[in-house]
1. For q = 0.12, 0.21 Å⁻¹, what log10 I(q)/I(0) does region 43-110 give under the Debye formula with an equal point scatterer on each alpha carbon and no solvent?
2. Can you compute 3J(HN,Hα) from phi for each residue in region 69-74, using the Karplus curve 6.51 cos²θ - 1.76 cosθ + 1.60 with θ = phi - 60°, rounded to whole Hz and x for Gly and Pro?
3. Measuring from label point to label point, each 7 Å out along Cα→Cβ, what is the HIS59 to THR102 span in nm?
4. Give me SER32, SER27 ranked fewest to most by other Cβ atoms within 10 Å of their Cβ, as a rough exposure proxy.
5. Given H placed on each backbone N at 1.01 Å, which residues far from THR92 in sequence or on other chains put an amide H within less than 5 Å of it?
Amino acid sequence: MVVKRAQYRPNPNPLLWHEETSVIVLSREEISKKLTSLLVEALYVEEKDVKDSARLKEHLDVEWADVLHLGFMIGREFNLKDCRAAFETAATVGDLVTYIETKLQEAVPQEQV
């Protein structure tokens, strides 16, 4: 599945930003890859430990302070607002990917889908 995301400000990553259409296009796999990089950087965990099935609290030791930091990082990376809410419902890395994917889809005007 490919997600198109309406963009209100250019993403610093030129690979994701298309100037003419102002849309970010990301597949679930791309979202997962970017999220994995963020989790590895923020939590000091091994990339091999960050799987869709990895539980955030039990396997990756995500704590309250991590939620604040990760919420900011995810919001910045994917141009989403207040991603801390994702951690209220997400139990696994796969849940976070689904949350991001859903939020990106919701941001796209229906005529662009």
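1. -0.30, -0.88
2. In residue order, the calculated couplings are 5, 5, x, 5, 5, 5 Hz.
3. Each label point is offset 7 Å from its Cα along the Cβ direction, giving 2.0 nm.
4. So the residues, fewest neighbours to most, are SER27, SER32.
5. Close amide H contacts, sequence-distant or interchain: LEU56.
Here, each number is a calculation from the coordinates, and none is a lab measurement. Nothing here was measured: the structure is a model prediction, and the numbers come from that model. Positions of Cβ are generated from backbone atoms using ideal geometry, with glycine treated the same way; all protein chains shown enter the neighbour counts.
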